[in-house]
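The values are calculated or read from the model by the stated rules, or taken from the named source; none is laboratory data. Predicted, not measured: the structure shown is a model, and the values here were computed from it. Cβ: placed from backbone, ideal geometry, glycine included. Neighbour counts: every protein chain shown.
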Amino acid sequence: MIAPRRRHQRRPWAAAVFMAAVLAFLFAPLVVVVAFSFNSIPRMSLPMAGFSLEWYQGLIDDPEVRQALGRTVTAAIITALVAGPMGVLAAIGLQRLSVRVRTTVMGVLLLPIAVPGLLLAIALAVYWQGVLGQRYSLGAAIIGHILLALPFVILTMNAAVSGFRFSLLEASRDLGATPWQAFRTIMLPLIRPAMIGSALLAAAVSLDEFIVTLFVGGRETTLPVLVWGRIQRSVDPSLNALATVLLVATTILALLAARRTSVRA
């Protein structure tokens, strides 16, 4: 009698070790940055001397950091307020197109994601100053942020409205509702979580954007550009504290966006 073959024994510990190695590779540098931002002395080596918040207090007392923070927050808010509605309108308009045309238009709208950021920044810089003759400024950087964030908003909103039954809007129109009333009372409540999530995602993209701001922001630096400029001179725990602030803010926005966009009506 032939003995049955033994099944290969599963080794869950191997998968766990692999996942732990991947997570360590991804997050170890971030953990080091956050840890040294609390070091009590300006030394970037182990062991740490002690716990201190003096580097964060130094950021609060630094007028250059406060100005850069104000510009960063302003750019993020404007990007969210502009890219959000534009992405909603684009996603709704895409649903009115045929499948073939929709695929083509979607590919064009998503080009900023496929184009390298450096190439996009150079093109925007040349167009802004060479063609339009405008000075580099925070406004030019915000336009670049909107251009980069818009494809993510369109992707998010397209997924949200793809399952919506537009016949409900037509039925409300037959009952006497105006287009705005139909949108406000029927469609808006269903897609509102995705709208808020996509706006938060746009703000996160703007908050962390460096290349476009460096090329067209001029002297109106944001926090990522400020970190880059200071790290050219020296490395100290204040830079770790500044990077930690950016990391926490971006992570919070991304998590809130993910939570909102995962809500189903």
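Scanning region 248-259 turns up one or more residues that are basic (Lys, Arg), under 26 Å from residue 154 (Cβ atoms), surrounded by fewer than 18 Cβ atoms within 10 Å (Cβ to Cβ) and touching a residue at least 40 places away in the same chain (Cβ under 8 Å). Going residue by residue through region 150-159, is there one that turns out to be surrounded by 13 or more Cβ atoms within 10 Å (Cβ to Cβ), at pLDDT below 85 and either farther than 22 Å from residue 207 by Cβ or of a type in the set (Asp, Glu) (or both)? For region 150-159, residues surrounded by 13 or more Cβ atoms within 10 Å (Cβ to Cβ), at pLDDT below 85 and either farther than 22 Å from residue 207 by Cβ or of a type in the set (Asp, Glu) (or both): present.
From the list 171, 182, 83, which one is hydrophobic (A, V, I, L, M, F, W, C), surrounded by 14 or more Cβ atoms within 10 Å (Cβ to Cβ), more than 21 Å from residue 219 (Cβ to Cβ) and modelled with pLDDT under 85?
On the way: 171 fails: surrounded by 14 or more Cβ atoms within 10 Å (Cβ to Cβ); 83 fails: modelled with pLDDT under 85.
Checking each option against the conditions leaves just 182.
Checked against the criterion of being assigned to a helix (DSSP H, G or I), touching a residue at least 60 places away in the same chain (Cβ under 8 Å) and out of contact with any Leu (no Cβ under 6 Å at 6 or more places or on another chain), the candidates 225, 245 yield just one match: 245.
Considering region 99-151, the qualifying helices (runs of 4 or more DSSP H), each wholly inside and each with 2 or more residues that are of a type in the set (D, E, K, R), run over 99-109.
Contact annotation: residue pairs with Cβ atoms under 7 Å, 6 or more positions apart or on different chains, pairing a residue in region 80-106 that is farther than 15 Å from residue 156 by Cα with a partner that is outside any helix (DSSP H, G or I) and not small (Gly, Ala, Ser), are 105/97. For residue 76, indicate whether it is small (Gly, Ala, Ser) and surrounded by fewer than 18 Cβ atoms within 10 Å (Cβ to Cβ). In short, no. Taking the criterion of being without any contact (Cβ under 8 Å) to a residue 40 or more places away in the chain, part of a helix (DSSP H, G or I) and either more than 30 Å from residue 259 (Cβ to Cβ) or of a type in the set (Val, Ile, Thr) (or both), the residues of region 173-217 that qualify are 173, 174, 179, 185, 186.
Within region 158-172, the residues that satisfy the criterion of being in a helix (DSSP H, G or I) and over 24 Å from residue 258 (Cα atoms) are 167, 168, 169, 170, 171, 172. If you filter region 1-45 down to residues that are in a loop (DSSP other than H, G, I, E, B), exposed (fewer than 10 other Cβ atoms within 10 Å of the Cβ) and among the aliphatic types (A, V, I, L, M), you find that the one that is modelled with the lowest pLDDT is 1.
Considering the conditions (1) in a helix (DSSP H, G or I); (2) surrounded by 19 or more Cβ atoms within 10 Å (Cβ to Cβ), residue 230 is excluded by exactly one of them, (2).
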